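What follows is a single structure, written as C-alpha cells, with notes after it.
The values are calculated or read from the model by the stated rules, or taken from the named source; none is laboratory data. Remember, predicted model here, so these are calculated numbers, not experimental data. In this analysis, Cβ positions are derived from the backbone assuming ideal geometry, glycine residues included, and neighbour counts consider all displayed protein chains.
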Amino acid sequence: MSATAPLACKPGDYKSETKPIWCPGCGDYHVLMALTRALAALGEPPERIAVVSGIGCSSRIPAYTTCYGFHGVHGRSLPLAAGLKIVRPDLTVIVASGDGDGYSIGGNHFLHACRRNVDLTYLVMDNHIYGMTKGQPSPTTEPDFDTALTPGGTGVRPFNPLVVALASGANFVARAFAGNPHETANIIVEAVRHPGFSFIEILSPCVTYRPDQRAWKDRVHAAPVEATDDAARAARRLMTDDGFNLGVLYRGNRRPYRPAAAAVPCDQLELEKGFEI
Amino acid sequence: MAETTSVSVAMVGSGGAGVLTTGAMLLEAACAAGWNGLLTRSVGPQIRGGEAAALVRLATRPVECLADHVDLLVGIDWVSAQRFEGEIALAPGSLIVSDPDAGPPPAALATAGARVVELPLAQLTKANPAWRANMIALGAAARLLGLDEHVLRDTIKQHFEAKGEDVVTANVSAAQAGGRAVAAATSGFRLAPPLCSNGKRWLITGNEATGLGALRGGVRFAAAYPITPASEILEWLAPNLPKLGGTLVQAEDELASVNMIIGASYGGVPALTATSGPGLSLMIEALGLATAAEIPIVVVDVMRGGPSTGIPTKSEQTDLNIAVYGLHGEAPHLVIAPQSVTDCLLATQWATFLAEATQAPAIVLSDQSLGQTQAAVSRPADVSFIGQRIRAADFSAPYKRYALGGSGISPMAIPGTPGGQYTADGLTHTERGIPTSSAREHGAQLDKRRDKVEGYAYGALWATLEGEGEVAVMTWGSLTGVAREAIARARADGHEVRLIAPRLLLPTRPVEMAAALNGVRRLLVVEQSHGAQFHRFLRAHYTLPQETSVLHRPGPLPIRPGEIYRQLTEGKLL
C-alpha cells in the first residue's frame, strides 16, 4: 500500500465512463461495484493499479475502471498479469476472469499461478455458462444442464475450483456472491492485502442464459466456520459443502514468489569475458 | 606435405561417449593455438545411446559454415554411425581413424580412396582403466592435425581442473597415448599457421550470442519454456539476466511464456522469449495480441525440422511462412533473421531495438545450425541499438494511447504514470483504446499499425549486399555464410557474383530490394526448405529477374558451399 495520502478514495473515482456491455441484471455489475468499493477502501490511486483480464463477459471489466487495464486473449490473463507483477512489484495487480476463461481454456495457468504464488488477486466471476458465445456449458455447469451444444447436458462432473486452488498452492481462497457487493468488497480488500496468490470465486448470476441463478440470492449463506490456515482441512470442508457458503475459507502463509537475485551483480562487459579465447 | 587453410574433422560415437566434449576441446585447443573454426553438433533425439557427431572445421581465417567434405573422420565407436550417411561426406584423400576392435568403418561413410589409420581404443582403455576413449581420440586427432601438444595439454587441464589432479593427469596421458598411437601415420594435410588476428576473439554459440544480443538491446525480462534447440538461449540468460537486474521466469507452457513477456513489456520492461517451431505455433495468437495492443516483444524461433515435432535436433528454414503469414487478421510485425553465429547477437539486439521503437512484436528466425554452432569470432562491435520506446508524458488532454497521425507510432503510457491510464486491448479499438466495431476506426487503426512498421527507417542493416555483376545468389539466415563461401570460389574463378541476403524479412523493402537487384540478370535462390518457402515469399513481394532458379531442399542435410558453386557453374549462371 502507498505510504502517501491517497489521491482518490471514493468508489466513483475508480469507475470509468465507459458503459458496460453486460445485460441488464448481470451479476458482473455488482462485481464492478464491489471492486471499485474495494479499491477506494484500499486507497491506492488508480494509476498504481492494473486490472488484467482474458476474454468473456467478465473480462470486459478492466475498461470499466479508471485503472490501467489489459484485455488480453482468451484464457491467458494469469501469465500476462504474472509477467507484469514480477517486473513491477510496485503495482497492485488484479486479474479478472470467468469460469470459461479461467477454468477451461485457462485451466493450466490457474494451476501454475496457484503454485507460483505471485502476489496477485484473482477474481473469477462464475456463472456456470459461456455467456458471450450465447449459452454453452462451462467447466462448472451442472452435468444435466441442457444447451444447444450439449443436448441433454454434458454428463460431465463439474470442476471444483476452490479445491483445485488449494491443492495447487493458492495462498488465499474465498467465495463471494455478486449480490452482496459490500461483503465481496471486503473480501477483495483482504485478498489484495494478503501476500501471494489470492483467489476469489465470485458467484455472479447470468440472468440471460441461466435465469435459474436468480435463486442464488436465497441459497448463499455465510460459511459456518472461520477461515483456516490448514489447506487439508479447508479442502475437506470444500469437498463436502453445498457450493454456496461464502467468505474467506483459507488463509495460507506461503512466501510469495520472488525472482532470483544475482549473487554478484555485474555489467555487460563483465558478462562477455566468459567468451574470450 | 601440403598446407591447407581449412581442415574438417568429424568425430562420431554413441550419445554419451563424449563426442561433443571432444569436439569442443579440439576447437578450444585450436583456437588457443591461434586458429579459427567452428563446431556444429549433429545428434539424434536420444539423450544417451543414440548417435552423435561433432563436426569441427578449423581454418586460418574465421569460417561461417561447414566445408563440403570431412578430411578426418574419427570413430570413437561405429555403433550408430551409419545414420550420418549423407551428412558426413569423405573425399578420396580423407583419413578415417578407427579402432580395429570396433569393426570396419560403416560402408555408408567410407569413400573410395579414403585411408584408414588404426587407433586401438579398446586395447588402450583396457590396459589403462583411467583412460577414456574420447580423450585418446582427441589426442590422435590433434596429432594428425599438427596441433601443438602443449596447447592441447593446457586445454585438457583447464577443462578438467575442477575434477581434480587425477582426472587431469589421466586425461592428459590418454591424449598423449592417442597421439603416439598415430604418430607413424601421415595425414596428407596440415593446417597452415594461423594468421595473426587483431583484437579480442570469442568462442561463442549462436544461442549464447542471441542471449547476449538480447541483453545488449535492453531486454530485462525473459519467460522460458524449454524446447530443443532453443533452450540454451534461456539457460544462458537465466544466470546472467539477474546480474544486470533482470529476471527470467520459467513458464508452464509457451502460451504462458509469450503472455508473460507481453505483461512485462506492458509494464515498461523490454522482454523476450525463445522457442522453436512447435512453440511458435502456440504463441501465434498472443503475437497477434501484441500487434493489436501495440506491445513490443521479441520472440526468438530457433528453427528445426518440421512440421509437428519434426526433427528437433536438426536444422531447417521452414518457419518462414508461419513467422510471416501465421497471424490471423492483418497484423504488421517484424521478422528478422540472423545470418551467422555472430549475427545472432546483432540481429537479436536490433530486433529488440526495432520492437521497442515501433511498439510491435519482432520474431527472430534463427535456426539449429546457427544456435548450436560454436564458432571463433572477433568480438562483435558495440552498436548503439538499445531498445527504448516513446513514452507518453503529456496528459493535459485525455490520453489517446492509439492516437492517429504522424508516423503511426503513438507515445505509450507505462502503468504507474498518473493520467495515462488506458486499457490495452486485442479488440479493435478507438484512439483511446475503447473497443469498437466501426469500419472507420478499424481501418484507421489498421493503417496506423501498417504505417508505423512499413514507414520506419531501417537503414542498411535490412540486408547483406555484397559484390557486383549480372549474377546474384539470394539467400537468408544460416545459408548466408554458405553462399558467401560459394561466391568466393566463383570469384576465384574470375566470375563476379552478388550476394543478396535480407536480414529484415518483414516488413518487406520493395524499393531497397529493387535497387539491390538492379542489373541482375540471373538469380539463384538458395534455401533449406522442401516447399521453397523463401522463393515463394520473394515472388509474392518482389520482382525477380526472369532467369531465376532455385536450389532448395529440406533439412536435415545442410546445403554445402560446393552445391551452390556447382549450381552456379553447371546451371550455367556464370
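What is the one condition in (1) away from chain A (no Cβ under 14 Å); (2) of a type outside the set (D, E, K, R); (3) in contact (Cβ under 8 Å) with a residue 40 or more places away in the chain that residue B:439 does not satisfy?
Of everything listed in (1) away from chain A (no Cβ under 14 Å); (2) of a type outside the set (D, E, K, R); (3) in contact (Cβ under 8 Å) with a residue 40 or more places away in the chain, residue B:439 misses just condition (3).
When you look at residue B:454, is it under 18 Å from residue B:330 (Cβ atoms), surrounded by 15 or more Cβ atoms within 10 Å (Cβ to Cβ), out of contact with any Asp or Glu (no Cβ under 9 Å at 6 or more places or on another chain) and away from every other protein chain (no Cβ under 11 Å), yes or no?
So residue B:454 passes the test.
Answer yes or no as to whether residue B:426 is within 14 Å of chain A (Cβ to nearest Cβ), surrounded by 19 or more Cβ atoms within 10 Å (Cβ to Cβ) and within 22 Å of residue B:446 (Cα to Cα).
yes
Looking only at the stretch B:203-252, count every residue that is part of a strand (DSSP E or B) and under 24 Å from residue B:64 (Cβ atoms) and tell me the total.
Count: 3.
Looking only at the stretch A:55-76, which residues are at the interface with chain B (Cβ under 8 Å from one of its Cβ atoms) and hydroxyl-bearing (Ser, Thr, Tyr)?
Those that are at the interface with chain B (Cβ under 8 Å from one of its Cβ atoms) and hydroxyl-bearing (Ser, Thr, Tyr): A:66, A:68.
From B:37, B:16, which residue is at pLDDT 95 or above and either assigned by TED's automatic domain parsing to the domain that holds residue B:178 or under 20 Å from the mean Cα position of the chain (by Cα) (or both)?
B:37
Which condition does residue B:268 not pass, out of (1) outside any loop (DSSP other than H, G, I, E, B); (2) surrounded by fewer than 22 Cβ atoms within 10 Å (Cβ to Cβ); (3) within 9 Å of chain A (Cβ to nearest Cβ); (4) not charged (D, E, K, R), if it passes all the others?
(1)
How many residues does the stretch B:328-352 hold that are polar (S, T, N, Q), farther than 18 Å from residue B:232 by Cα and outside any loop (DSSP other than H, G, I, E, B)?
Residues in the stretch B:328-352 being polar (S, T, N, Q), farther than 18 Å from residue B:232 by Cα and outside any loop (DSSP other than H, G, I, E, B): 1 in total.
Considering only residues of the stretch B:218-239 that are in contact (Cβ under 8 Å) with a residue 24 or more places away in the chain and within 11 Å of another protein chain (Cβ to nearest Cβ), which is nearest to residue B:312 (Cα to Cα)?
Looking at residues that are in contact (Cβ under 8 Å) with a residue 24 or more places away in the chain and within 11 Å of another protein chain (Cβ to nearest Cβ), I get B:225.
Quick one: residue B:41 ticks every box in (1) within 14 Å of chain A (Cβ to nearest Cβ); (2) under 21 Å from residue B:485 (Cα atoms) bar one, so which box is it?
Residue B:41 satisfies all of (1) within 14 Å of chain A (Cβ to nearest Cβ); (2) under 21 Å from residue B:485 (Cα atoms) except (1).
Which ones in the stretch B:280-305 are acidic (Asp, Glu) and more than 14 Å from chain A (Cβ to nearest Cβ)?
Correct list: B:301 only.
Being within 14 Å of chain A (Cβ to nearest Cβ) and either closer than 23 Å to residue B:238 by Cα or part of a loop (DSSP other than H, G, I, E, B) (or both), is that true of even one residue in the stretch B:306-327?
Yes, that holds for at least one residue.
Suppose we filter the stretch A:218-277 for residues that are within 14 Å of another protein chain (Cβ to nearest Cβ), at pLDDT below 95 and not in a helix (DSSP H, G or I); how many remain?
Residues meeting the conditions: 12.
Report yes if residue B:327 is out of contact with any strand residue (DSSP E or B) (no Cβ under 6 Å at 6 or more places or on another chain) and touching a residue at least 40 places away in the same chain (Cβ under 8 Å), otherwise no.
When the stated conditions are applied, residue B:327 passes them.
With (1) of a type in the set (Gly, Ala, Ser); (2) at positive phi; (3) more than 8 Å from every other protein chain (Cβ to nearest Cβ); (4) buried (at least 24 other Cβ atoms within 10 Å of the Cβ) as the list, and residue A:100 as the residue in question, which single condition is left unmet?
Single failed check for residue A:100: (2).
Based on this model, can you work out whether residue B:569 counts as touching a helix residue (DSSP H, G or I) at 6+ places or on another chain (Cβ under 9 Å), closer than 22 Å to residue B:336 by Cα and of a type outside the set (Gly, Ala, Ser)?
Here the answer is no, as residue B:569 does not meet what is asked.
For the stretch A:77-88, how many residues are of a type outside the set (Lys, Arg), more than 14 Å from residue B:285 (Cβ to Cβ) and within 7 Å of another protein chain (Cβ to nearest Cβ)?
6
When you go through (1) surrounded by fewer than 24 Cβ atoms within 10 Å (Cβ to Cβ); (2) out of contact with any Asp or Glu (no Cβ under 9 Å at 6 or more places or on another chain); (3) farther than 22 Å from residue A:27 by Cβ; (4) in contact (Cβ under 8 Å) with a residue 12 or more places away in the chain one by one for residue A:151, which number turns out not to apply?
(4)
Given (1) within 30 Å of residue A:89 (Cα to Cα); (2) within 14 Å of chain A (Cβ to nearest Cβ), identify the lone condition not met by residue B:194.
(1)
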